[in-house]
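Here is the structure we will look at.
The values are calculated or read from the model by the stated rules, or taken from the named source; none is laboratory data. Everything quoted here is computed from the prediction, not taken from an experiment. Note: ideal-geometry Cβ built from the backbone for every residue, glycine included; neighbour counts use all protein chains shown.
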Amino acid sequence: MAWKDTLLDATFRGVKLSVLNTDDAAERAQVRHEYPYRDGAEVEDLGRRARTIHVQAIVWGKEYETDLRKLLEALDKPGPGELIHPVFGSINVSLASHHVAHHEDNPDSAQLTLDFVEAEPDAPFFANGRTPAAKALGNAGKLQGSLELLRKLNLSAVQKWGGKLATTMSQVARGDLLGAARGVYTNAASLAGITVPAMPDFTGMSQGGLMGTAQALVSSAVQLSTMSNPFGQFAGLADFSNLLPRFSLSPDGQTTSYAMTPARYSGTPVSGPITGQAEPRPLLVVPPASEARQDAAPDMSTPTGQGHAMAAGTLNLASAMAVASAASSALTAEVSAPTLTPAEVEAVVGVSRQRLQDSIDDHRALFPTHEAYPITEELRTAALAVQDMGAQVIRLHPPLVAQTAPALCNLHLMAHWLYGDFTRADELARLNPGLRNPNFVAPGQVLSGFAR
């Protein structure tokens, strides 16, 4: 397979590099043993010296100064860092030198020459890919790109639909349509306890359209969610039962809540001082992703039905995008500071994918196939990015296995028995959120713990 089909997104210390070309070199350390009156020499190979990687990159565009500043800050940090080579993948390198060139014929751009040196011995090279951490960060960037494209695609589709109505719909009918759309947003704002944002006439060519209003409403609702830990932040955002539920495309349909709290994924409490007996481990309770939703079909035959359906579908998409973005933030935070259990990671991914899947169903019901296709494909891309991020975050941890308490103990003693390190008691507490009392673990109690 040609490298043009497998190129990776180049980064250094997580900062994107727009690479023009690379030039990689390596040489062997050799000792030549030469003898008088003998031709040639015996060559002793002492191993390969550190690889040198020469990269030419460019920074350009309206955000040129900001992007250049971020890159220079990453280059100025001392010590080794991870370079994602566009062809060879993840390499631990140290920056030897860098040059920044500006030219009068190329405003708002700069060309950089970067010289890296391999910074660890016996490192695998060209190992077909990047580290799980680098892949997770790459998928986070892919997700953000998909979300931005989704906003534009929805805006274009709604404007195209509105443009057709503008030439055939009477003023009275247009008033009914706009009133129904505003009714959806008024209902959503009242549930969240926020002010209804101004809504333009989306049957025209307004720049914000329905999506701009929906994102303003969702943004106001998101600010109400304030939790301290990553899973709590995501759970508070994803649980729109008191903020923004999923609205049916039909005025006669019911709203759907995505109830998600950490307690729901903790299972029932296990052993404690009340019984003194070992009990089954808590089970993960996750709503099945394939659970069918019996939504009423949108009524596109009346102005009121059309206005409600378009507003609800766009609001549901804005909510799904906000949840997916929050999932990306929570999973990206896991790369540098793991705090979530594998079950919690699965919950984050599952709720995000369900939101995105419901938006796919919405757009298939609202638009003709050829207009819905680019939106649904981008939603699928976003869902895959979230799923891959979850898988990569889980791979950062050792396998999760069942551990049995050999005797009456507490989590500190259990951690000492399992790992020879009592300080990992906090880790065991995090992996067993249903444990009622960390100071009392019954004999034979089965807990979740990392294999090593």
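May I ask you to list the residues in the range 323-344 that are surrounded by fewer than 24 Cβ atoms within 10 Å (Cβ to Cβ) and part of a helix (DSSP H, G or I)?
Scanning the range 323-344 gives Ser325, Ala326, Ser329, Thr332, Ala333, Val335, Ser336, Pro342, Ala343.
Search the range 3-15 for residues being at pLDDT below 85 and of a type outside the set (S, T, N, Q), and hand back the single one that is nearest to Thr66 (Cα to Cα).
Among those that are at pLDDT below 85 and of a type outside the set (S, T, N, Q), it is Gly14.
Quick one: Phe116 ticks every box in (1) more than 30 Å from Pro303 (Cβ to Cβ); (2) at pLDDT below 80; (3) aromatic (Phe, Trp, Tyr) except a single one, so which number is it?
Going through (1) more than 30 Å from Pro303 (Cβ to Cβ); (2) at pLDDT below 80; (3) aromatic (Phe, Trp, Tyr) one by one, Phe116 breaks only (2).
Please go through the range 63-96 and give me each residue that is surrounded by 14 or more Cβ atoms within 10 Å (Cβ to Cβ), among the acidic types (Asp, Glu) and farther than 18 Å from Gln111 by Cβ, ordered by number.
Glu82
Being within 24 Å of Asp426 (Cβ to Cβ), touching a Pro at 6+ places or on another chain (Cβ under 9 Å), without any contact (Cβ under 8 Å) to a residue 24 or more places away in the chain and not aromatic (Phe, Trp, Tyr) narrows it down to one residue among Ala333, Ala337; which is it?
Going through Ala333, Ala337 in turn, just one is within 24 Å of Asp426 (Cβ to Cβ), touching a Pro at 6+ places or on another chain (Cβ under 9 Å), without any contact (Cβ under 8 Å) to a residue 24 or more places away in the chain and not aromatic (Phe, Trp, Tyr): Ala337.
Would a scan of the range 53-62 turn up a residue that is loosely packed, with under 11 Cβ neighbours inside 10 Å and closer than 20 Å to His103 by Cβ?
Kept after step one, since they are loosely packed, with under 11 Cβ neighbours inside 10 Å, are these residues of the range 53-62: 62.
Now restrict to residues that are closer than 20 Å to His103 by Cβ: 62.
Yes, some residue in the range 53-62 is loosely packed, with under 11 Cβ neighbours inside 10 Å and closer than 20 Å to His103 by Cβ.
Restrict the check to the range 383-394 and report whether at least one residue is outside any helix (DSSP H, G or I), surrounded by 16 or more Cβ atoms within 10 Å (Cβ to Cβ) and either assigned by TED's automatic domain parsing to the domain that holds Leu147 or touching a residue at least 24 places away in the same chain (Cβ under 8 Å) (or both).
No.
Can we say Ser319 is closer than 17 Å to Ser156 by Cα, among the hydroxyl-bearing types (Ser, Thr, Tyr) and in a helix (DSSP H, G or I)?
no
Within the range 182-207, count every residue that is of a type outside the set (A, V, I, L, M), within 18 Å of Leu165 (Cβ to Cβ), modelled with pLDDT under 75 and surrounded by fewer than 20 Cβ atoms within 10 Å (Cβ to Cβ).
Adding up the residues that qualify gives 4.
Within the set of pairs 6+ apart or on separate chains, which have a first residue in the range 143-154 that is assigned to a helix (DSSP H, G or I), a second that is charged (D, E, K, R), and C-beta atoms under 9 Å apart?
Ser146/Glu378; Leu147/Glu378; Leu149/Glu378; Leu150/Glu378; Leu153/Glu378
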